[in-house]
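Input: a single structure, listed below in structure tokens.
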Amino acid sequence: KNRITFTAGNHDLMFYYFIKHPSSPLGKSWIYNGSETTLDSYSNRYKEMNLHLNYIIKAPLILNLDDCFVSHAGISAFFSRKLGKKPLDDPVKLKSIVESDLNSEHGILWTRDKLMNLGKLQIVGHTRVDEVYYDKKSNVLFVDTAACTGNKLSAAIIDKSNVVETLSVETDSRDI
């Protein structure tokens, strides 16, 4: 069937928590972050909305693949002391830290900090860039090219931890 896997981001989880746990910090913050447009798009389609909410809450926060590490905002250098020099060697500890505080400004949903070099290519969104950007020092590929504001949607093809190609398509204003 569908083989697409995504990592949940701040807007995905704000949507989920707004509907399922509206008094939670993530739920409360969504009212300022796109709620009206999203809710309008589900008008009279509540079954579909619930399917999407279930898909969101089941989505992982991180994907540690053979070729790369994928997350929404990345692993902040703020966690360097806690995670050590080889954070991917202890996946249980990494997962625990990632999931410990979803509202943290340094966390996997929100960080705009300098990111850790994980010893593997890290692919992130969240921080908008005009063009797909590779930071060699931290070994991070930034792919959020601001489709939500009309720039473009971008992706990358990775093989053996190398960026083979980046792809971008212009945003259609009907999709915003």
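Which pairs do you get when a residue that is under 13 Å from TYR16 (Cα atoms), found in segment 40-57, comes within reach of a residue that is among the aliphatic types (A, V, I, L, M) and part of a helix (DSSP H, G or I), reach meaning Cβ atoms under 9 angstrom, with the pair 6+ apart or on two chains?
Listed by first residue and then by second, the contacts come to MET49/ILE19; MET49/LEU39; ASN50/ILE19; LEU53/ILE19; ILE56/LEU13; ILE57/LEU13.
If we only count helices (runs of 4 or more DSSP H) wholly inside segment 1-86, which ones have 2 or more residues that are among the aliphatic types (A, V, I, L, M) and over 18 Å from the mean Cα position of the chain (by Cα)?
Values: elements: 10-20, 25-29, 35-41, 46-58, 80-83.
The helices (runs of 4 or more DSSP H) meeting that bar are 46-58.
Would you check which residues across segment 136-176 are under 18 Å from SER76 (Cα atoms) and surrounded by 14 or more Cβ atoms within 10 Å (Cβ to Cβ) and list them? It would help to see each step written out before you state the result.
Step one: list which residues in segment 136-176 are under 18 Å from SER76 (Cα atoms), which gives 136-144.
Passing the criteria: SER138, ASN139, VAL140, LEU141, PHE142, VAL143, ASP144.
Output the residue which, of all residues in segment 1-18 that are crowded, with 19+ Cβ neighbours inside 10 Å and touching a residue at least 24 places away in the same chain (Cβ under 8 Å), is farthest from ASP144 (Cα to Cα).
By that ranking, first place goes to TYR16.
So is LEU167 in contact with a Ser or Thr (Cβ under 9 Å, 6 or more places away or on another chain) and free of Cβ contacts under 8 Å to residues at least 40 places away in the same chain or not? Break it down stepwise before answering.
On the way: in contact with a Ser or Thr (Cβ under 9 Å, 6 or more places away or on another chain): yes; free of Cβ contacts under 8 Å to residues at least 40 places away in the same chain: yes.
Spelling it out, LEU167 is indeed in contact with a Ser or Thr (Cβ under 9 Å, 6 or more places away or on another chain) and free of Cβ contacts under 8 Å to residues at least 40 places away in the same chain.
Please work out which one of (1) farther than 30 Å from TYR134 by Cβ; (2) at pLDDT 95 or above is the condition ASN44 fails and give its number.
(2) is the only condition that ASN44 fails.
Please enumerate the residues belonging to segment 63-75 that are farther than 17 Å from ALA155 by Cα and in contact with a Phe, Trp or Tyr (Cβ under 9 Å, 6 or more places away or on another chain).
Of the residues in segment 63-75, the ones farther than 17 Å from ALA155 by Cα are 64, 66, 75.
Passing the criteria: only ILE75.
What is the residue count in segment 98-109 for residues that are surrounded by fewer than 18 Cβ atoms within 10 Å (Cβ to Cβ) and either at pLDDT 95 or above or part of a loop (DSSP other than H, G, I, E, B) (or both)? Lay out the reasoning, then the answer.
Start the filter on segment 98-109 by keeping residues that are surrounded by fewer than 18 Cβ atoms within 10 Å (Cβ to Cβ), which leaves 99-101, 103-106.
Now restrict to residues that are either at pLDDT 95 or above or part of a loop (DSSP other than H, G, I, E, B) (or both): 101, 103-106.
Residues in segment 98-109 being surrounded by fewer than 18 Cβ atoms within 10 Å (Cβ to Cβ) and either at pLDDT 95 or above or part of a loop (DSSP other than H, G, I, E, B) (or both): 5 in total.
Which members of segment 67-96 meet the condition of being crowded, with 20+ Cβ neighbours inside 10 Å and not small (Gly, Ala, Ser)?
From segment 67-96, those crowded, with 20+ Cβ neighbours inside 10 Å are 68-76, 79, 83, 87, 94; that's our starting set.
Correct list: CYS68, PHE69, VAL70, HIS72, ILE75, PHE79, LEU83, PRO87, LEU94.
Out of all the residues in segment 110-147, which are within 12 Å of the chain's Cα centre (by Cα) and not in a loop (DSSP other than H, G, I, E, B)?
GLN122, ILE123, VAL124, PHE142
The values are calculated or read from the model by the stated rules, or taken from the named source; none is laboratory data. As the structure is a prediction and not an experimental result, all values here were calculated from the model. Virtual Cβ from ideal backbone geometry, glycine too; neighbours counted across all protein chains shown.
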